[in-house]
Amino acid sequence: MSIFDNSEYDNHEQVLFCRDTDAGLFAIIAIHDTTLGPAAGGCRMWPYASVDDAVTDVLRLSQAMSYKNALADLPLGGGKSVIIGDSNKDKNEKLLTSFAQFVQRLGGQYYTAEDVGIGINDVEVLATTSDYVFGLAATGDPSPFTARGCFEGIRAAVKHKRGRDSLEGLTVAVQGVGNVGRYVCKNLYEAGTKLIVADVNAEAAAYAVEKFGATAVTPDKIYSQDVDIFSPCAMGGILNDDTIPQLKASIVAGVANNQLAEPRHGRLLYNKGVLYAPDYVINAGGMLNASGDIFGQYDINQVMERVTRLYNATLRIFEMAKQKNQPTNEVADDMARQKIATGRSSKK
């Protein structure tokens with residue numbers, strides 16, 4: 001199948017296949033749109049089952065970054081990259097350096113950062129070779145900021161769905177308690193919620209049990225828990241024909257990218273009466289923080305103020321979706337596309 005025939009292609013500006021056999025590198029860089037500014041988005045390292053799977057993932061992630069940056073009012077476009085491989089076995093300095101060289105050759109069209117399988121230390125290695133890296137030590141770990149944005153999105157969802165400001169006494173099922181999910185749990189615990197968690201890493205789940213009084217269940221049981229809120233904080237594509245019917249939660253709000261397996265699953269949630277907080281809206285906190293490296297200025301107080309404003313941004317999407325009698329993901333997509341289109345018109 002040609003990449004142009006991929007259902008997720010969506011008129012990407014560039015898709016670059018990067019191969020360095022000596023370094024063991026096979027990567028894909030996708031630049032979705034640079035209307036609002038240079039493309040920016042992290043690099044994911046994952047042992048994809050096939051190249052087609054990697055292509056589909058990077059295209060979806062790249063498009064989501066365009067929408068995320070647009071709705072976060074950042075002067076940035078959307079891009080993403082993936083390295084095909086197991087980060088626990090295949091990642092080394094030579095591979096990272098080779099990838100950074102490919103990023104450097106793009107001359108600032110794309111800025112890269114951390115993502116699944118690529119941590120802060122890896123980003124520092126990339127920065128020794130490329131000028132187009134963000135999320136460095138100067139801006140710190142983006143995880144707490146991503147989690148805080150998610151927390152604000154959950155607050156907005158509870159306000160819209162339940163008409164209440166407090167989360168106290170609500171029960172939340174958190175899928176994935178890694179770097180970001182752990183901070184999501186911390187925020188929710190401090191707000192007085194009861195937590196049910198699941199993670200493929202038993203130690204990560206055990207940490208949430210010990211620190212936040214969570215109840216741990218096996219990953220296959222997390223969808224069907226009798227909870228108020230389901231918070232996906234692991235990998236994408238988990239809201240699908242098999243999992244949505246299992247949900248008992250009336251709200252879905254988490255940090256995982258591309259939670260909907262397909263856009264139509266947003267309507268499936270809508271028809272089920274589940275309020276969905278679009279992931280790229282409420283997980284923008286990390287980007288709001290880390291982008292300070294791109295712009296050359298950083299004020300943590302300003303960052304926190306902007307992250308907190310994700311509450312109102314999410315609430316507006318909910319209210320507009322209610323007025324239009326439309327799923328929230330469709331409303332958010334339309335808003336993002338309109339911002340990009342407006343930016344494109346202003347350049348003519």
When the range 188-211 is examined, which residues are found to be among the aliphatic types (A, V, I, L, M) and in contact with a strand residue (DSSP E or B) (Cβ under 9 Å, 6 or more places away or on another chain)? Leu188, Leu195, Ile196, Val197, Ala198, Ala202, Ala204, Ala205, Ala206, Ala208, Val209
Take the residues in the range 282-303 that are among the aliphatic types (A, V, I, L, M) and more than 18 Å from the chain's Cα centre (by Cα); name whichever of them is farthest from Gly135 (Cα to Cα). Ile300
Flag if Ala27 is modelled with pLDDT of 95 or more, surrounded by 24 or more Cβ atoms within 10 Å (Cβ to Cβ) and either outside the structural domain of Gly119 (by TED's automatic domain parsing) or farther than 30 Å from Leu315 by Cα (or both): yes
Among the candidates Ile196, Ile154, residue that is surrounded by 18 or more Cβ atoms within 10 Å (Cβ to Cβ), out of contact with any Lys or Arg (no Cβ under 7 Å at 6 or more places or on another chain) and part of a strand (DSSP E or B): Ile196
Looking across the range 30-54 at residues that are surrounded by fewer than 21 Cβ atoms within 10 Å (Cβ to Cβ) and among the acidic types (Asp, Glu), the single one that is farthest from Asn289 (Cα to Cα) is Asp52
For the range 231-347, which helices (runs of 4 or more DSSP H) that fit wholly inside it have 1 or more residues that are more than 27 Å from Gly178 (Cβ to Cβ)? 264-271, 292-295, 300-308, 310-324, 328-346
Residue in the range 276-308 that is surrounded by the fewest Cβ atoms within 10 Å (Cβ to Cβ), counting only those that are among the charged types (D, E, K, R) and free of Cβ contacts under 8 Å to residues at least 40 places away in the same chain: Asp299
Considering only the range 306-346, state which residues are of a type in the set (Lys, Arg) and more than 17 Å from Gly153 (Cα to Cα). Lys324, Arg337, Lys339, Arg344
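The values are calculated or read from the model by the stated rules, or taken from the named source; none is laboratory data. What you are looking at is a predicted structure, and each value in this text was computed from that prediction instead of being measured. Reconstructed Cβ throughout: ideal geometry from the backbone, glycine too, with neighbour counts over all protein chains shown.
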